[in-house]
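Peer 1: Okay, here's the structure, questions in a sec.
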Amino acid sequence: MRQRNSIVYRLTIFAIIIIVIQSLFLIAVLVNGGVLRQAKLNAYESFSDKVQGRKAYLELEMKNRWTNVDPFLSQISKKLSKTYETDTLLLDSLSSELIEMLRTTKATGAFILLTDDINDNNVPGLYFRDYDPLSDNLSFKDLYVVVGPSEIAKKLKVPLDQMWSYDLRLTSDNHDFIKKPLNLANLSNDPKLLGYWSKPFKLSDTDLQIMTYSMPIFDSENNLKGIVGIEVTLNHMIKMLPATDLKLKDSLGYILTHKPTNDSKPIPSVIVSALQKRYLVENEPLNLLIENEDFGIYKLLNHTGSYDIYASVEELKLYQPNTPFEGESWYLVGFMRGDELFSYVYRTQSILWGAFIIALIVGIFGGVYFSYRFSKPIVDLSKKVRESNKNEIMIVEPTGLLEVDELAQAMQEANNERLESVSRLTRVISLFDLPIAAFEIKNNSDDIFVTEKLYTILDLDDKNKTNFMNKLNELLNNPEENEEGVYKINLEYPRWVKLKMTDSSDTTIGVIQDITEEMKEKLQIRMDRDIDPLTRLLNRRAFQSYMEQLLFKNPLKSSALVMFDLDNLKNMNDTYGHKWGDFYIKEAVQRLNNITQRNKMLLGRRSGDEFVLLLYGFTSKQEIEDCMNEFFSYIKGNTIKLPDGKDYSIGISAGLAWIDSWPTDYEDLLNKADEALYISKFNNKGNWTKL
């Protein structure tokens, strides 16, 4: 009892408590400041970005390359309208279109099957296959005939495939790619609206696994004649899904899943690796539990592995809205093990707790040691402590009194150890190799506490509180748009920081993290997502988003939406080549960009030769009409020089729809402008029409 009432004992306990509280305080600042939470979100975002990038590439291949059969449908329809003595002669006449379609789409197969009866079991047709579509072979040496008359193969000098058959024999396993489009052929005469992506199947028991995109084909008089389409072997599809996207070694990789209806669970359809086959339950839909809705991250519940597996799920938009197969959905799913996804988070946690334990042990022993050497009269010591700067080393002069000198010395060393523990934790933070700094502001003091990296992050020269507060207020007045807690530092080269602060009655503490590289990557991704690469204009989706933001932020006044269509672009491509076609588009865009002041217009590219323009903030509709008239007068009198030396006027037709109120339905506005454009194209080509 007597020992507990001694100065040495009480100061020892006091020093230990100070060290523990200080250590817990700095750990809490890091944790509550969102370091671990942000690290986890960064892991989700990185995972999601990789899967989104692969999804964008695969969707581009499936929608814009493999299914690019439109240029050949009209030629096939014309030949189907002619009369031939035999199906063989008809198929022979179609062989050139099929081969050209196969080369253009870079698919592994192209076919046409002649039947209008869903009950046929043996269907005549012509089916070419190229096992290596990415090789640029101009001959027919890399082609094989899978289905079709051998006479055609002999004539074209194309070998027969090992699975060759004269007609295609339909079974319950392979008939969907024919029967599903045929069943719905009466809904429309436009084959593109009836296109169908099949689940993986085999044409025969010995064939490869394939997926097909098939659609009904009609003759020129809209009589149903059969099915036309392309094939992609699963071997080729798997090449589009490299597991190294997600991890260089032992990656769980990607799979493709299929949902027959909107209410069903995704069913694995394309499994890429043997590793996936081991942990996925065969023939069972994926059972997914949402983990992060913002980034589309799920936890896979039904798997055979002994570890957590996370999935990033992205839908492939393969069908147009309001088409028969819109309800069947395809998804790209990327998988990662939990310990690999959160490896950085777990490492950060271990370092934090290790640092805390080390600081605690060192603090305890240091507190005990220095408390025994603390000695100074209590009154002088109290005054010294009260008047001293808490962030500076305390120096106590010895009095010659053993007990008091020991007490004073212990207090001095305890205070120094507190500062040293703060310094140690600051150094521990630097070991993370993260640009993170912490600060503490006392409202009733001119002193501030900051960790070393704060000077580098905020470009400060000293600990002056006034300069620091000015810098902090400047930072808070410059938030980054659409980013919570992120602020921009306007130096010669812009940088971004994330700031978290918490206030008490007389103290403000905060954590600042330099996220410049992360923001640069995010801004670059946004630019790549929103900008058309050829014209550097906003693409279709980005234009709509920017337009809606502009009209919500600015007074409507007199505004209009204008659709433009380049005349004679196809003729330019056919005559001078696509290089000059691109030149033609760029020249047109250059003129469209000068239609009026930049702060009164927003220009975007909708498709190959279609552009959309928002004119806003005008004082009257007449001013907009004058602007349009001046533009069309200008382009008619302005020419470009073609490769053959001819001067050529750029031809543009336009349709204008007035925006009488906002908000309103964007698609309705677009349809009105498109309707006006249609009138211009067919009644007043090279001019503009308003609705």
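The values are calculated or read from the model by the stated rules, or taken from the named source; none is laboratory data. Note that the structure is predicted; figures quoted are calculated from it, not measured. Don't worry about glycine lacking a Cβ; one is built from the backbone with ideal geometry, like all the others, and counts go over all protein chains shown.
Peer 1: Given (1) in a loop (DSSP other than H, G, I, E, B); (2) surrounded by fewer than 21 Cβ atoms within 10 Å (Cβ to Cβ), where does GLU61 come up short, assuming only one miss?
Peer 2: Among (1) in a loop (DSSP other than H, G, I, E, B); (2) surrounded by fewer than 21 Cβ atoms within 10 Å (Cβ to Cβ), the lone unmet condition for GLU61 is (1).
Peer 1: Can I ask one more? Name the residues in region 203-222 that are more than 34 Å from the chain's Cα centre (by Cα) and touching a residue at least 24 places away in the same chain (Cβ under 8 Å), would you? If you could, list the steps in order and put the result at the bottom.
Peer 2: Pass one, region 203-222, residues more than 34 Å from the chain's Cα centre (by Cα): 203-207, 216-222.
Within region 203-222, LEU203, SER204, THR206, ASP207, PRO216, ILE217, PHE218, ASP219, SER220, GLU221, ASN222 qualify.
Peer 1: Looking at (1) over 26 Å from ASP660 (Cβ atoms); (2) over 26 Å from the mean Cα position of the chain (by Cα), find the lone condition where SER559 falls short.
Peer 2: (1)
Peer 1: With the condition kept exactly as written, say whether any residue in region 173-180 is under 28 Å from LYS78 (Cα atoms), at pLDDT below 95 and not in a helix (DSSP H, G or I).
Peer 2: So far as region 173-180 goes, yes, one or more of its residues are under 28 Å from LYS78 (Cα atoms), at pLDDT below 95 and not in a helix (DSSP H, G or I).
Peer 1: Considering only region 166-184, how many residues are surrounded by fewer than 22 Cβ atoms within 10 Å (Cβ to Cβ), free of Cβ contacts under 8 Å to residues at least 60 places away in the same chain and not hydroxyl-bearing (Ser, Thr, Tyr)?
Peer 2: 7
Peer 1: Separate question: Mind listing whichever residues of region 359-382 are modelled with pLDDT of 70 or more and loosely packed, with under 15 Cβ neighbours inside 10 Å?
Peer 2: Residues satisfying the conditions are ILE361, PHE365.
Peer 1: Ok, one more. Does GLY148 meet the test of being of a type in the set (Gly, Ala, Ser), farther than 21 Å from ARG65 by Cβ and either surrounded by 13 or more Cβ atoms within 10 Å (Cβ to Cβ) or within 43 Å of the chain's Cα centre (by Cα) (or both)? Let's see the steps before the verdict.
Peer 2: Values: of a type in the set (Gly, Ala, Ser): yes; farther than 21 Å from ARG65 by Cβ: yes; either surrounded by 13 or more Cβ atoms within 10 Å (Cβ to Cβ) or within 43 Å of the chain's Cα centre (by Cα) (or both): yes.
Against the criterion (of a type in the set (Gly, Ala, Ser), farther than 21 Å from ARG65 by Cβ and either surrounded by 13 or more Cβ atoms within 10 Å (Cβ to Cβ) or within 43 Å of the chain's Cα centre (by Cα) (or both)), GLY148 qualifies.
Peer 1: Would you confirm, using the coordinates I've provided, whether PHE295 is part of a loop (DSSP other than H, G, I, E, B), surrounded by 12 or more Cβ atoms within 10 Å (Cβ to Cβ) and touching a residue at least 60 places away in the same chain (Cβ under 8 Å)?
Peer 2: yes
Peer 1: To continue, here is another question. Restricting to region 202-224, what's the tally of residues that are buried (at least 22 other Cβ atoms within 10 Å of the Cβ), in a loop (DSSP other than H, G, I, E, B) and among the small types (Gly, Ala, Ser)?
Peer 2: So the count comes out to 0.
Peer 1: Mind listing whichever residues of region 223-278 are hydroxyl-bearing (Ser, Thr, Tyr), without any contact (Cβ under 8 Å) to a residue 24 or more places away in the chain and within 24 Å of SER204 (Cα to Cα)?
Peer 2: none
Peer 1: Shifting gears a bit: Please enumerate the residues belonging to region 505-547 that are small (Gly, Ala, Ser) and modelled with pLDDT of 75 or more.
Peer 2: Once the filter is applied, which keeps residues that are small (Gly, Ala, Ser) and modelled with pLDDT of 75 or more, region 505-547 yields GLY510, ALA542, SER545.
Peer 1: While we're looking at this one, here's another question. Working only within region 129-163, note down all residues that are touching a Gly at 6+ places or on another chain (Cβ under 8 Å) and not in a loop (DSSP other than H, G, I, E, B).
Peer 2: Within region 129-163, ARG129, ASP130, VAL146, VAL147 meet the criteria.
Peer 1: Conditions: (1) closer than 15 Å to SER46 by Cβ; (2) buried (at least 18 other Cβ atoms within 10 Å of the Cβ); (3) hydroxyl-bearing (Ser, Thr, Tyr). SER329 meets all but one. Number of the miss?
Peer 2: Here SER329 meets the rest and fails (1).
Peer 1: LYS199 versus (1) under 35 Å from the mean Cα position of the chain (by Cα); (2) buried (at least 23 other Cβ atoms within 10 Å of the Cβ); (3) part of a loop (DSSP other than H, G, I, E, B): which is the lone unmet condition?
Peer 2: The single condition LYS199 does not satisfy is (2).
Matching residues to (1) of a type in the set (Gly, Ala, Ser); (2) assigned to a strand (DSSP E or B):
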position	(1), (2)
PHE72	no, no
ILE76	no, no
LEU80	no, no
TYR84	no, no
SER93	yes, no
PHE111	no, yes
ILE118	no, no
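Peer 1: Kindly evaluate GLU314 against the criterion of being outside any strand (DSSP E or B) and of a type in the set (Asp, Glu).
Peer 2: no
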